[in-house]
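Down below is the structure, laid out as structure tokens.
None of the figures in this text is laboratory data; all of them are computed from the coordinates on show. Quantities reported herein were computed from a predicted structural model and do not represent experimental measurements. Glycine also receives a Cβ, built like all others from the backbone with ideal geometry; neighbour counts cover every protein chain displayed.
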Amino acid sequence: MSEQGQPLEVSLAVDLCGIKLDNPILAASGPFGYGHEYRELTGFKDLGGIIVKGVSLEPWEGNPPPRVAETASGMLNAVGLQNPGLKSFLEDHLPSLRGAGPRLLVNLVGCTVEEYAGVAAGLEGAEGIDGLELNISCPNVKAGGIAFGTDPQATGRVVSAVRQETKLPLLVKLSPNVTDIGAIARAAEEAGADGISLINTISGMIIDTAQKKPLLGNAFGGLSGPAIMPVALKMVWQVAEAVKIPVLGMGGIVSAGDTLQFIMAGARAVALGTGLFYEPDLPSQLKAGLLEYMDKEGLRTLSEIEGVARGPKKF
């Protein structure tokens, strides 16, 4: 309430790299797919943005099954970024997502700099796309399988190549499987990224003791869900300290309280992944919780608490 006893004009809207979001809650790339199933369950009305499943230049088959396994407070997946490729995405999936309500970002993947650049070039000018999320956690075939996202120089090369092919806002999605995530984030910023998206899944595995072999067909997979939230929160904090561009935080978020922690650590917005599997209505619950908190604290916008836990900004 204001000093005069009138209700405050509260807004959940945020600006993420020039993308105007009605609220700071996005669907993360991967679990959300292309939104077809989710649309049937709850619709898109409570999402500020959608980040679709990764799109590669040519179709990818993905990894052998089993691909998913439940863990304590989370899950492992080894889907392997299976997708039908750029042409199919543009013709079969993008049309149904245009005008859906939330802003639309496309996650793009590749195995070489040229592949990444090719996907970006193919998406440039396509109607209905508001931004790109560059997933640099994929194997770099030309560099002996090392992921682009684990080396600052490799990060700079791929971000620069993609930047040359698109005028769309560009977020770079980082891997947590590194020793200095701040250095990777700075390399992405210097190469032209408009924002940083993190974290991707944490590498892990499960062994089937009855079969005496890894449960997943790929042996290793990506751990997601509430189990990784403290790690994700720490890395969002570190990246927000390291760069001047906005941060999109994700990793185990399942409540409004989790969302507030990420914003206070320095995130401009958040993305939901595993939580949407077991609670499709989660965005609605988070919005209600955020509005309740803002009313209690007398906040008009979430920007008032962005990074507040870190103290005064250094720049």
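The table below lists the values:
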{"read-out": "Some residue of region 92-106 being more than 27 Å from Glu40 (Cα to Cα) and touching a residue at least 12 places away in the same chain (Cβ under 8 Å)", "value": "no"}
{"read-out": "Strands (runs of 3 or more DSSP E) wholly inside region 170-240 that include at least 2 residues being among the hydrophobic types (A, V, I, L, M, F, W, C), touching a helix residue (DSSP H, G or I) at 6+ places or on another chain (Cβ under 7 Å) and within 19 Å of Arg310 (Cα to Cα)", "value": "195-198"}
{"read-out": "Some residue of region 246-258 being surrounded by fewer than 19 Cβ atoms within 10 Å (Cβ to Cβ), within 26 Å of Ile19 (Cα to Cα) and of a type in the set (S, T, N, Q)", "value": "yes"}
{"read-out": "Region 234-248: number of residues that are in contact with a Lys or Arg (Cβ under 8 Å, 6 or more places away or on another chain) and not charged (D, E, K, R)", "value": "7"}
{"read-out": "Selection within region 196-216 - farther than 30 Å from Leu170 by Cα and surrounded by 14 or more Cβ atoms within 10 Å (Cβ to Cβ)", "value": "Met205, Ile206, Pro214, Leu215, Leu216"}
{"read-out": "Condition met for Thr301 (in contact with a Ser or Thr (Cβ under 7 Å, 6 or more places away or on another chain) and farther than 21 Å from Val10 by Cβ)", "value": "no"}
{"read-out": "Scan of region 166-208 for residues that are of a type in the set (A, V, I, L, M) and free of Cβ contacts under 8 Å to residues at least 12 places away in the same chain, ordered by number", "value": "Ile207"}
{"read-out": "Pairs with Cβ under 7 Å, 6+ apart, first in region 255-273 and polar (S, T, N, Q), second crowded, with 24+ Cβ neighbours inside 10 Å", "value": "Thr259/Ile253; Thr259/Val270; Thr259/Leu286"}
{"read-out": "Extreme residue, nearest to Glu279 (Cα to Cα), among residues of region 34-76 that are out of contact with any Phe, Trp or Tyr (no Cβ under 8 Å at 6 or more places or on another chain) and among the β-branched types (Val, Ile, Thr)", "value": "Thr42"}
{"read-out": "Near pairs, Cβ below 6 angstrom, 6+ apart or cross-chain, from region 214-226 (without any contact (Cβ under 8 Å) to a residue 12 or more places away in the chain) to any residue that is hydrophobic (A, V, I, L, M, F, W, C)", "value": "Pro214/Met205; Pro214/Ile207"}
{"read-out": "Helices (runs of 4 or more DSSP H) contained in region 31-148 and holding at least 2 residues surrounded by 14 or more Cβ atoms within 10 Å (Cβ to Cβ) and β-branched (Val, Ile, Thr)", "value": "113-123"}
